[in-house]
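Report on one structure; see the data block that follows.
The values are calculated or read from the model by the stated rules, or taken from the named source; none is laboratory data. Every value quoted in this text rests on a predicted model; they were computed, and no experiment measured them. With ideal geometry, Cβ positions are generated from the backbone for all residues, glycine too; neighbour counts draw on all protein chains shown. These area figures cover heavy atoms from the full protein model, side chains too; ligands, DNA and RNA do not enter into them. Shrake-Rupley method; radii C 1.70, N 1.55, O 1.52, S 1.80 Å.
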Amino acid sequence: VWPPKNFSHHDKNEMSLALLFQLEHYSSNDKSQGKSEDSSRLNSEKIQVLLSADAGLPFQNFMTKDSLWLKSLSGTKLITNLAHHGSMHSNSIEYFKTLKEYSKELLVFASAGKNNRYGHPSKDLLNQLQQNNIKFFSTPEDGALAFNCIIKNKNIALGLQCFDELQGIEKINQK
């Protein structure tokens, strides 16, 4: 989904490739009960995973102007990352508030080295996410992250496992 054709930027980080994955689950019971595929879509569960790497504010502005994509988030559980390891200058809290408004559930994560010299992810940004009741995880605080997607009946459950990086054991089952 990013960068758009003919896009250029002085900061090469903004040229990072952004990928959007979607998982949609339809109940097989709907078809066996004589319901059409269209009606089973109404009862489907969707997850979108949006990975933007270092693409920051230009990408976030672009995505919040894409009304078709925003509408597609209705009823969707969305997992996305903070841009550039959670740098305050690469992320807009308004972007994440918009994603929360349009999606059914939002999980945000930051991947950064523990005690890195840049202080990523930004404590101010994490505080803003918390103040806006946006669920977030970061590798410096939570350790290695593994997203789980469990499909049961008509529902998709999102889970997150965090592993202690030194002992390699699960320390948090779900947040």
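Would a scan of segment 77-86 turn up a residue that is open to solvent by less than 80 Å² (accessible area, probe 1.4 Å) and modelled with pLDDT under 90?
There is at least one residue in segment 77-86 that is open to solvent by less than 80 Å² (accessible area, probe 1.4 Å) and modelled with pLDDT under 90.
Please state which one of 125, 99 is touching a residue at least 40 places away in the same chain (Cβ under 8 Å), crowded, with 19+ Cβ neighbours inside 10 Å and assigned to a helix (DSSP H, G or I).
125
Checking residue 50 against (1) buried (at least 19 other Cβ atoms within 10 Å of the Cβ); (2) closer than 15 Å to residue 121 by Cα, only one condition comes out false. Which one?
(2)
Take residue 44 and decide whether it is within 13 Å of residue 99 (Cβ to Cβ), open to solvent by 10 Å² or more (accessible area, probe 1.4 Å) and either among the aliphatic types (A, V, I, L, M) or modelled with pLDDT under 95 (or both).
Judged against the criteria, residue 44 is not a match.
Collect the residues in segment 128-148 that are surrounded by 11 or more Cβ atoms within 10 Å (Cβ to Cβ), more than 13 Å from the chain's Cα centre (by Cα) and assigned to a loop (DSSP other than H, G, I, E, B), keeping them in residue-number order.
132, 143
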